[in-house]
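*Asks:* Below you will find the structure I want to go over with you.
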Amino acid sequence: TAMWRALAAGVAPARALLRTPPARRAASLAVTPAAGPADERVETRVTGLSPGQPVTLRAVAADEQGRLFQSCAHYQADSRGELHLGTDASHGGDYTGVEPMGLFWSLAPAAMEKPYQRLLPSSTGAMKVELLVHQGHSPPGAIPGPVVAKAEVQRLFTAPGVRRIRLKEGVVRGSLFLPPGDGPFPGVIDMYGDEGGLIEFRSSLLATHGFAALSLPYFDFEDLPRVMKELKLEYFEDATRFLQRHPKVKGPGVGVIGTGKGAELALSMITFLPEVVAAVSISGCSSNTVADLHYGEITLPGLCFDMNKVSVSDSGVFDIFEALDDPTNPANSASVIPIEKAEGHILLVVGEDDRMWKSSVYAELAIQRLRQHGKENFELLSYPGAGHRIDPPSTPFSQVAMDRILGVPVLGGGESKAHAHAQEHSWGKIKEFLHLHLG
């Protein structure tokens, strides 16, 4: 009996061993840096999965109004049960292929939110993005599987030490962002398009990269005119002189960067204001549009939009691609910006699938005009598959966005992956261009 007892004692633990599954280490998600500049890449790794395990990675963020945005992508763990977004491809979801920042640039309004909202970052804080790893593959909009790991990442639009100074200088309004340190720094004026108001996130990123950047609104902000009826270039001249004379700004000239209507104003500034020595025009027109532009005795009439040439899709999306008056029509010659007068350097950035208007054509018209006058003071960055609003890297792409003035969804064009790549490439080139020509 003693022998049987000894045998039984040995068998029991052996049986217990057979019943207990091997301990699985918990999955973990690491994002580095956990807090870093919003225009720089993060590295995302998942460990502790089963070899070949299918998972859905999701990103969730909220804007300043509390609206939710999310994105998802399908991955499969490698033979070690690991994933690295820098080398592993997504097989489905909101994008496919190897896209280290895909979860960020594909963020879109969540199913319960109104469609066509744009995730506009706040310059002053950080954009918090939660990344989650779910079991199995769940399509966009579906209820995902159980969460196996998560992490939070902060995208900073203002580096530590950058100062933001709200401006009331004569008639000029806006925010001046100064990098840390004594300077002096190259000065840049930053303007957006016809949505109006004060948009600061690009200026704060420029300050993070060593520029003294003035975010300049020109209507629908504080005591500026509510609507863009007519514009005086003297307002932009005052802003230019304020920046040029600032003790923290390196002279002798300053730069300007603009998108849409802001791009066209940038071209007018480098044409008429000798203090402006470098201009970046993103998706701009080579003629003055919408509002008449006055400068002393000179007036450039604004090209108009013909609402009869606007088409509306079944889903209610407005396509205004054909609506702007033709700048090549001799009747519109007074609106053309005489860009050949510009002594400084010009960088033209366009998306070849811009559906807001024909920015590729307008860039070619500007180049033709410069060349006819023997000028070669320009560079062109033209991106196949990119849409209208080419922002700093990883800014979420929206093919259709709600127009703040019209209050309707307008087609901006572009394909998400091509547009994201255009944002990343052009941002590097824009910073190089401004550093080169502003010293």
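*Asks:* In the stretch 130-166, what count of residues is obtained for those that are among the small types (G, A, S), farther than 22 Å from L83 by Cβ and surrounded by fewer than 13 Cβ atoms within 10 Å (Cβ to Cβ)?
*Replies:* Within the stretch 130-166, residues that are among the small types (G, A, S), farther than 22 Å from L83 by Cβ and surrounded by fewer than 13 Cβ atoms within 10 Å (Cβ to Cβ) number 2.
*Asks:* What are the pairs, 6+ residues apart or on separate chains, where a residue within the stretch 351-368 that is outside the structural domain of S335 (by the TED database) and in contact (Cβ under 8 Å) with a residue 12 or more places away in the chain has its Cβ under 9 Å from a residue that is assigned to a helix (DSSP H, G or I) and small (G, A, S)?
*Replies:* Final answer for the pair search is none.
*Asks:* Additional query: Please count how many residues of the stretch 391-422 are more than 22 Å from F305 (Cα to Cα) and in a loop (DSSP other than H, G, I, E, B).
*Replies:* Total meeting the criteria: 9.
*Asks:* What residue, among those in the stretch 71-127 that are open to solvent by 30 Å² or more (accessible area, probe 1.4 Å) and part of a strand (DSSP E or B), is nearest to R155 (Cα to Cα)?
*Replies:* A126
*Asks:* Next question, about the same structure. Given the residues G258, G251, which is the only one that is open to solvent by less than 10 Å² (accessible area, probe 1.4 Å) and small (G, A, S)?
*Replies:* Just a single option satisfies the conditions, and that option is G258.
Here is a yes/no grid of residues against (1) open to solvent by less than 20 Å² (accessible area, probe 1.4 Å); (2) in contact with a Leu (Cβ under 6 Å, 6 or more places away or on another chain); (3) under 29 Å from K232 (Cβ atoms):
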position: V276; (1), (2), (3): yes, no, yes
position: P301; (1), (2), (3): no, no, yes
position: N308; (1), (2), (3): no, no, no
position: F318; (1), (2), (3): no, no, no
position: A331; (1), (2), (3): no, no, yes
position: D353; (1), (2), (3): no, no, no
position: S360; (1), (2), (3): no, no, no
position: R371; (1), (2), (3): no, no, no
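The values are calculated or read from the model by the stated rules, or taken from the named source; none is laboratory data. Predicted model only: the values in this text are computed from it and were never measured. Neighbour counts are summed over all protein chains in view; Cβ atoms, including those assigned to glycine, are modelled from backbone coordinates with ideal geometry. These area figures cover heavy atoms from the full protein model, side chains too; ligands, DNA and RNA do not enter into them. Shrake-Rupley method; radii C 1.70, N 1.55, O 1.52, S 1.80 Å.
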